[in-house]
Amino acid sequence: MFRLTHYMKQLVDPAPLRGRTGPMRPVVIWNLTRRCNLKCRHCYAVAADHHFPGELTSEEAFAVLDDLAQYRIPALILSGGEPLSRADTLDIARRSKAYGLYTALSSNGTPIDSATADEIAKIGFDYVGISLDGIGRTNDWFRGQDGAFEAALSGVRACLARGIKVGLRYTMTSENAQQLPELLDLAEAEGVEKFYLSHLVYAGRGNKNRMDDTNRAVTRAGLDLLLERAWTAIREGRPLEIVTGNNDADAVYFLHWAQRRFGPGAAAHLRTHLEAWGGNSSGCGVANIDTQGVVHPDTYWSGYSLDSVRNRPFSEIWEDLSDPVLAGLRQKPRPLKGRCGACAYRSVCGGNTRIRALQLTGDPWEADPACYLSNAEIGLAEDAAHPLPKDVSPFRGSRHDPAPRYS
């Protein structure tokens, strides 16, 4: 996750770089269930509204949580499917908070009525992320259910009314990119403090529908808008925090923006902070436990398993670098190939999202096909040695029927 607003504040109030103390522990995203009342086009979990056998029992889940707390992970994100469709999710959250863990909920928002919001507030969730992929009928089309937009917005409002920190999550595709301004307006109008733009990852239904991905021009236009909104919010002292995920080239794009606007000195200072962050954190700063207890380098690596918590504790699995992919993800620099290997900014973006390379080439170390930066922008000559990847799809030119554009 690239914390755009956080790093943009370095341009206003530069601070010295603080070194890391102690070993790195991952934020754990835990898919508690595949059950979900919606059927989103880009769902990496391929969730559906029925029971999936083999999911961890309550007793197994509590044992995993005990290990995570003892391992001292920095944060736990309870996800799905729709995590609130699992009967013991709030019990798991209570136990997590009792351990003092930062505990977040990743929901589609539709199940959050007044009573559920009361319970979320009582438990003390640190953050609730709610997904919206457009305004009105566009969101409903993406999420496969009429009325999903209004129900999710009601969930947002119920949480905000109880003082719960809420963020809107949005996956940008060729079918909904034009509604990004309206979603940002909605976040500010509702008093939502955080807006998270996710680039499409080719996993689950996101892989099946990868022709819906934005082309480079649309991706860049989206980033330009986020940069403008984030900078305006900072200058005006408004609390909106903008973050992006699943395309760490965003940090390099931002660095070039800072260079143009503030000059080489500010950009050099900013780069030291971005290199300390290091870009893509799969297998390092983020981990995933799926519904069956299988551990993955992150949530999008469902086809690559490290081991199961039914065999040994998560803490032991995560410390075992005998797995070559996990070892490669931890390596600095990573063993990248192609444009990513030759890129002058690989220390900033960390090689971007490795799972896209794996899905398209079978090799996790090949170039990320969704990098939208030109060769010149990453320090390469404009020649045939490192060709820019072809766009996955043209904007408004998907092989699928277009979504309804407006509510």
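For each pair in LYS122/LYS194; LYS97/LYS337; LYS9/LYS337, compute the distance between the two Cα atoms and list the pairs where it is over 31 Å.
Long pairs (Cα-Cα over 31 Å): LYS97/LYS337; LYS9/LYS337.
Roughly how far apart, in whole Å, are the Cα centres of region 219-269 and region 92-138?
28 Å
Show me the ranking of peptides 179-189, 134-144 by mean Cβ neighbours inside 10 Å, starting with the highest.
Ranking, from highest mean packing down: 134-144, 179-189.
Once amide H atoms are built 1.01 Å from N in the peptide plane, which residues 5 or more positions from THR353, or in another chain, come under 5 Å H to H?
ASP248
Keeping the other protein chains in place, figure out the carbon and sulfur percent of the accessible area of region 208-304, with a 1.4 Å probe.
That fraction is 51 percent.
Just the projected area, averaged over all directions, of the convex hull on the alpha carbon atoms of region 129-179: how many nm²?
3.3 nm²
Among bridges DSSP assigns within the chain, what percent are antiparallel (round to 5)?
Beta bridges within the chain, antiparallel portion: roughly 15 percent.
Accessible area per residue for the chain in Å², computed with a 1.4 Å probe and the full protein assembly in place, what is it?
On a per-residue basis, 41 Å².
Each residue of region 108-120 in turn: what ³J(HN,Hα) in whole Hz from Karplus with 6.51, -1.76, 1.60 and θ = phi - 60°, glycine and Pro shown as x?
So the Karplus estimates, Gly and Pro as x, are 7, x, 5, x, 8, 9, 4, 5, 5, 4, 4, 5, 4 Hz.
Considering only protein heavy atoms, with the full assembly of protein chains and a 1.4 angstrom probe, order ASP323, ASP133 by accessible area, largest first.
Largest accessible area first, the residues go ASP323, ASP133.
Based on C-alpha coordinates, I'd like the Rg and Dmax of region 15-108, in Å.
Rg and Dmax of region 15-108, Cα atoms, are 15.2, 51 Å.
Sequence-distant or interchain residues sharing an amide H contact under 5 Å with GLY80, placed H: which?
For GLY80, whose amide H was placed from the backbone, the distant partners under 5 Å are LEU32.
Please list 3J(HN,Hα) in residue order for region 255-269, calculated via the Karplus relation 6.51 cos²θ - 1.76 cosθ + 1.60 where θ = phi - 60°; whole Hz, with x for glycine and proline.
4, 5, 4, 5, 4, 5, 7, 10, x, x, x, 5, 5, 5, 4
Give a residue-ordered list of calculated ³J(HN,Hα) values for region 147-155 (Karplus: 6.51 cos²θ - 1.76 cosθ + 1.60, θ = phi - 60°; whole Hz; x for Gly, Pro).
x, 5, 4, 5, 5, 5, 5, 4, x
Collect residues whose amide H, placed 1.01 Å from N in the peptide plane, falls under 5 Å from the amide H of VAL286; neighbours closer than 5 in sequence don't count.
Amide H neighbours of VAL286: VAL27.
What distance in nm separates the simple spin-label points at ASP146 and ARG310, each placed 7 Å from Cα in the Cβ direction?
For ASP146 paired with ARG310, the spin-label model returns 4.1 nm.
The values are calculated or read from the model by the stated rules, or taken from the named source; none is laboratory data. Here the structure is a predicted model, which means the values were calculated and not measured. Here Cβ is always computed from backbone atoms with ideal geometry, including for glycine, and neighbour counts include all displayed protein chains. Quick note on the areas: whole protein, heavy atoms, side chains included, nothing else; ligands and nucleic acids left out. Shrake-Rupley method; radii C 1.70, N 1.55, O 1.52, S 1.80 Å.
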